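The structure appears below as structure tokens.
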Amino acid sequence: MRVCIVGASGKLGQYMVQHALDCHYEVIGVCREQSVPKLDRFKGRISVVPGPTNDRNVIKKAVEGCDGVLTVLVPWGVQQYSSGTAQAVLDYAPPSARLVFSCGWHISRDGRDVYPRTFKLTVGIFAWIARVLRFAQLDDQVEACRRIFASGARWTVVRGSELEEGPSQGLPVWSHHVGDPILASNLTRRTDFALFMVAALENDALIHEAPAIVGRQAPSATVHHEGSK
Ligand SMILES: NC(=O)c1ccc[n+]([C@@H]2O[C@H](COP(=O)([O-])OP(=O)(O)OC[C@H]3O[C@@H](n4cnc5c(N)ncnc54)[C@H](OP(=O)(O)O)[C@@H]3O)[C@@H](O)[C@H]2O)c1
């Protein structure tokens, strides 16, 4: 399988590169020019297409002939980075390709997620500060996902809980809506978020789903495991 990883140089991206190589996939990584050295440990094992991920020509070149595209959607900057990246992937990935996008629990597909008050408050404060200081556009990540949800491509949007570093606990469990008891612990190892993204490439049951994930060994997951997918 030929897999493009958009945002390969970030923490999540590097974990995805490693997991994809472990699956013996051919990997093409996309990252900003200044971040290429962050991928040095993969030299000779992956191809890198340098450039901003919302540059349509960069994405067009990188996704050509790919069977899967893993995209890290981030709200950084005020240049429609998320929606520009998502739109380019939707426009240029081969129609048969599996497209898997990352975001956080704050994205809701159908408005039926039930968020803890502290979660809503934290997201609201972050969005306000980011808008005033012009370092991020949370609304643009929402817009990116709106476009993905509306598309006919073979997409999955993986919604991550709070993240921590540490050794793998195995494939995270998931549920359709934040607020479902199995997700209550709100914590996933970052390496396992990446594992879920890579595994989604070959899991057609996740097509047109927006799974909200939590660590397999998180307390809420171990208690409510029978409800997990
Ligand atoms: N952090 C959390 O607690 C959390 C929680 C839930 C979900 N998520 C989701 O998980 C995914 C990855 O999150 P992460 O925290 O692990 O981050 P990450 O993987 O370290 O990714 C950050 C990405 O943003 C890029 N980036 C940083 N600053 C940028 C800028 N000014 N302009 C353009 N790109 C910039 C980085 O590229 P360079 O390498 O070029 O800098 C990198 O690809 C995201 O989809 C996020 O929504 C995160």
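Remarks
- Total residues in the range 180-198, condition within 16 Å of the ligand (Cβ to nearest atom) and either more than 17 Å from the chain's Cα centre (by Cα) or in contact (Cβ under 8 Å) with a residue 40 or more places away in the chain (or both): 11
- Taking strands (runs of 3 or more DSSP E) as the structural unit, those lying wholly within the range 117-229 and holding at least 1 residues that are surrounded by fewer than 15 Cβ atoms within 10 Å (Cβ to Cβ) correspond to 162-164.
No lab work stands behind these numbers, since they all come straight from the coordinates. Note that the coordinates shown come from a computational prediction; the quantities given were computed from them, not determined experimentally. As a convention, Cβ positions derive from the backbone with ideal geometry for all residues, glycine included, and neighbour counts pool all protein chains shown.
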